[in-house]
Amino acid sequence: TLRGGLKLQPGIGGVPVEPGLHTIELAGVIRRLPALEGSGITLSDVEPERVDVMVVQLLTREIAVAVRLPEGVAVSSVVAEPRRVRLTYPASAADVVDRGVEIVADVPRDPAEAIRIGSRSAIRDVPLMLPDVLTGNRFISIEPASVSVIATLEQRDDSVTRDAVPVRILRPAF
């Protein structure tokens, strides 16, 4: 039962559920865990005796995925699959999320250029990007972390600009 370690969760074994910083006595919490109750295991010593834990209230919301293609790639239709993902975030970021956030599937140039003109193509495992205002928060996650992008390519705009090109005009001799 204990080979995989013990997982402490708020509300189980005496771990507080209220958001904030708490000091918990490990021996008491471990003794009350369902994995140990009635198992016949006796704790003789727990090191450290106490630990500080931060309890954070997490919220989850479904957010539509926006697809961003490289410049010059024109498509008749583009969609992320799945179209919506689950964003889990701390309650302290709720005001930012409530104002509207965009989860973006940013398609790299190489896979986008490999799409055949006139056909429906899928680009798999396109990673999702959080808006800058939410990056760096260890309590934020997106599930799934990547999507497939399905696109139909109408045309590809490629051009080359030269500073000067010599031109020779031939005229008919008459």
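The values are calculated or read from the model by the stated rules, or taken from the named source; none is laboratory data. Because the structure is a prediction, the values reported are computed rather than measured. Because the Cβ atoms are built from the backbone with ideal geometry, glycine has one as well, and the counts that use them run over all protein chains shown. Heads up: the accessible areas ignore ligands, DNA and RNA and are worked out on the full protein's heavy atoms, side chains in. Shrake-Rupley method; radii C 1.70, N 1.55, O 1.52, S 1.80 Å.
For the range 105-122, the Karplus equation 6.51 cos²θ - 1.76 cosθ + 1.60, evaluated at θ = phi - 60°, returns couplings of 9, 9, 6, x, 4, 4, x, 5, 6, 7, 5, 7, 5, x, 10, 8, 10, 10 Hz by residue, with Gly and Pro reported as x. With both residues required to sit in the chain, DSSP beta bridges show an antiparallel share near 85%.
Derived scalar couplings between HN and Hα for the range 92-100 equal 5, 9, 4, 5, 5, 5, 5, 6, x Hz in order, rounded to whole Hz, by the Karplus curve 6.51 cos²θ - 1.76 cosθ + 1.60 (θ = phi - 60°), x for Gly and Pro. By the gyration tensor of its Cα atoms, with a ≥ b ≥ c the square roots of the eigenvalues, what is the shape of the range 9-146: rounded for a/c under 1.5, prolate for a/b over b/c, or oblate? Prolate shape, in that a/c is at least 1.5 and a/b is the bigger ratio. For the range 24-55 versus the range 72-108, the spacing of their alpha-carbon centroids is 40 Å.
If r is the Cβ-Cβ distance from THR88 to ILE41 and R0 is 25 Å, what FRET efficiency results, to the nearest 0.05? Write out the running numbers ahead of the final one.
Values: r = 33 Å, r/R0 = 1.33.
Plugging the Cβ-Cβ distance into 1/(1 + (r/R0)^6) gives 0.15.
Taking amide H positions as modeled 1.01 Å from N, with prolines and chain starts lacking one, the residues under 5 Å from VAL67 and 5 or more places away or on another chain are ALA105.
Could you look at the range 70-121 and say what percent of its accessible area is carbon and sulfur, using a 1.4 Å probe and all protein chains?
Details: 1320 of 2960 Å².
The nonpolar share, carbon plus sulfur, comes to 45 percent.
Between LEU69, LEU128, PRO34, the Cα set farthest toward the positive side of the dipole of the chain (charges on each charged residue's Cβ, about the Cα centre) is that of LEU69.
Among the trypsin sites (Lys or Arg not before Pro) in the range 1-61, which ones are in a DSSP loop with at most 15 other Cβ atoms within 10 Å of the Cβ? Mind listing them? The partial results should precede the final answer.
On the way: sites: ARG3, LYS7, ARG31, ARG32, ARG50, ARG61; in loops: ARG3, LYS7, ARG32.
Taking the range 1-61 and a limit of 15 other Cβ atoms within 10 Å, the loop trypsin sites (Lys or Arg not before Pro) found are ARG3, LYS7, ARG32.
Quick one: dipole size for the chain, taken about the Cα centre, charges +1 on Lys/Arg Cβ and -1 on Asp/Glu Cβ, in debye to the nearest 20.
720
Across the range 27-35, rounded Karplus estimates of 3J(HN,Hα) from the backbone phi angles (6.51 cos²θ - 1.76 cosθ + 1.60, θ = phi - 60°) give 4, x, 5, 5, 4, 8, 5, x, 5 Hz, Gly and Pro being marked x.
A helix-only calculation puts the chain at -2000 deg cm²/dmol for mean residue ellipticity at 222 nm, using -39500 (n - 2.57) for each DSSP H run of at least four residues, averaged over all residues.
Output the relative contact order of the chain, whole-number percent, from Cα pairs under 8 angstrom with separation of 6+ residues. Spell out each step's value before the answer.
On the way: 271 pairs, mean separation 36.9, N = 174.
The normalised contact order for the chain reaches 21 percent.
Checking every one of the GluC sites (Glu not before Pro) in the range 52-150 against DSSP loop status and a limit of 12 other Cβ atoms within 10 Å picks out GLU71, GLU102.
Once the 1.4 Å probe is applied to the protein heavy atoms, the range 46-159 comes out at 61 Å² accessible per residue. Straightening the chain between LEU170 and SER119 buys 14.1 nm, computed as 0.36 nm per residue apart minus the Cα-Cα spacing.
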